[in-house]
Amino acid sequence: MQGAVPAVTAADHLLLGVADLDRGIQWVEERTGVRPVVGGSHPGRGTRNALLSLGAKQYLEVIAPDPAQSTYTFQIDLRALKEPRLVTWAAATSDIEGVARGAKAAGQAVFGPSDGSRARPDGKVLKWRSLGVASSLAVGVVEPIPFFIQWAADVVHPATDSPGGCQLKALRIAHPQPAAVVGVLKAVGIDADVASASEAALYATVSTAKGVIELH
C-alpha cells in the first residue's frame, strides 16, 4: 500500500501480558533496568497496568488481571499466562474516523470507534477513542493486528510521564499465515515485517541501559 507506515513508527504502545502485575513489573525491570510505574485500572475490563516509556509517544504497557474487579472482559485471557509475553499492540492515529473509513473501503470489518478511559493513581482521568479491526488471525494469546488509538486532545501522552531510558528500535511479527497478516495490515496503512512461523509472536527490539534486548 502506497504511503503505508512502518509498524515500528505506527506503534503507540505494546501490550506485555502478565498474570500478575507485580511480577510483570519486576520482570521488566530486571531486563531493562527501568521500573514501570503503575498506571491504573480499566473499569469494566478487568485489567490494570504499569507503564514504561519507549521514546517519544511510544510506550510499553504491562497489562494484567485486576483482582479488585469481579468481571473480566479483556479480549485476551491473561490469567493463564505462565510467563510475560507481548500479546498485541496499538497503532497511533490522529484521525480515527478516517482510519475506520479507509479500513472499510479496503474490505476490512471494524468495531468502534469507542470511548475509553483510565483513572491514574493521582486521580487524573486519561481519555481516548479506540478502533478494532476484525480478523481471524489471533493465535493463542497473540493478536498480531493492532487496534488504533486516538488520545483526547487534552491528554498528556503516557510516554511523556512514564519512566524513561528505553527506546523502541524495531517491531516485527511471526505468524503461521504471514501473507494474510501483511494483507490486513496494508489495508489499514501499516507496513510490517511478518515472518512465517508455526506460532504467532510479536518481537520488539528495545535499547535499554542494559543493552539492546528483544521482547516477545
Exercise. Within the bounds of the stretch 34-49, is there any residue that is crowded, with 22+ Cβ neighbours inside 10 Å, of a type in the set (Ser, Thr, Tyr) and either modelled with pLDDT under 95 or under 19 Å from GLY211 (Cβ atoms) (or both)?
Worked result: no
Seminar exercise, completed: Within the stretch 104-126, the count of residues that are aliphatic (A, V, I, L, M) and under 19 Å from the mean Cα position of the chain (by Cα) comes to 3
Seminar exercise, completed: Among (1) touching a residue at least 60 places away in the same chain (Cβ under 8 Å); (2) assigned to a helix (DSSP H, G or I); (3) farther than 25 Å from SER136 by Cα; (4) in contact with a Pro (Cβ under 7 Å, 6 or more places away or on another chain), VAL28 falls short only on (1)
Exercise. Out of all the residues in the stretch 91-129, which are charged (D, E, K, R) and in contact (Cβ under 8 Å) with a residue 24 or more places away in the chain?
Worked result: ASP95, ARG118, ARG120, LYS127, ARG129
For this session: Could you pull out the residue among GLY44, GLY40, GLY55 that is out of contact with any helix residue (DSSP H, G or I) (no Cβ under 7 Å at 6 or more places or on another chain), under 21 Å from GLY123 (Cβ atoms), small (Gly, Ala, Ser) and in a loop (DSSP other than H, G, I, E, B)?
Result: GLY44
Exercise. Out of all the residues in the stretch 119-147, which are in contact with a Lys or Arg (Cβ under 9 Å, 6 or more places away or on another chain) and farther than 17 Å from THR88 by Cβ?
Worked result: VAL125, LEU126, LYS127
For this session: Please list, ordered by first then second residue, the pairs with beta carbon atoms under 7 Å, 6 or more apart or interchain, first in the stretch 1-20 and under 22 Å from PRO36 (Cβ atoms), second among the basic types (Lys, Arg) and in a helix (DSSP H, G or I).
Result: ALA19/ARG79
For this session: Being more than 17 Å from PHE148 (Cα to Cα) and surrounded by 11 or more Cβ atoms within 10 Å (Cβ to Cβ) is the filter; apply it to the stretch 64-79 and report the residue that is farthest from the chain's Cα centre (by Cα).
Result: GLN69
Exercise. What is the number of the single condition among (1) buried (at least 18 other Cβ atoms within 10 Å of the Cβ); (2) modelled with pLDDT of 95 or more; (3) out of contact with any Asp or Glu (no Cβ under 6 Å at 6 or more places or on another chain) that ARG118 does not meet?
Worked result: (2)
For this session: Give just the number: which of (1) buried (at least 23 other Cβ atoms within 10 Å of the Cβ); (2) within 19 Å of VAL212 (Cα to Cα) does ALA56 not satisfy?
Result: (1)
Exercise. Within the bounds of the stretch 138-156, is there any residue that is under 21 Å from ALA204 (Cβ atoms), of a type in the set (D, E, K, R) and either in contact (Cβ under 8 Å) with a residue 24 or more places away in the chain or surrounded by fewer than 17 Cβ atoms within 10 Å (Cβ to Cβ) (or both)?
Worked result: yes
Seminar exercise, completed: Going through the stretch 166-197 in order, the residues found to be free of Cβ contacts under 8 Å to residues at least 40 places away in the same chain and either of a type in the set (A, V, I, L, M) or surrounded by 15 or more Cβ atoms within 10 Å (Cβ to Cβ) (or both) are ALA174, HIS175, PRO178, ALA179, VAL182, GLY183, ALA195, ALA197
For this session: Being more than 19 Å from GLN58 (Cα to Cα) and loosely packed, with under 14 Cβ neighbours inside 10 Å is the filter; apply it to the stretch 198-209 and report the residue that is nearest to the chain's Cα centre (by Cα).
Result: GLU199
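The values are calculated or read from the model by the stated rules, or taken from the named source; none is laboratory data. If you're wondering where the values come from, they're calculated on a predicted model, not measured in any experiment. When we count neighbours, we look across all protein chains shown, and the Cβ atoms used for this are built from the backbone with ideal geometry, even at glycine.
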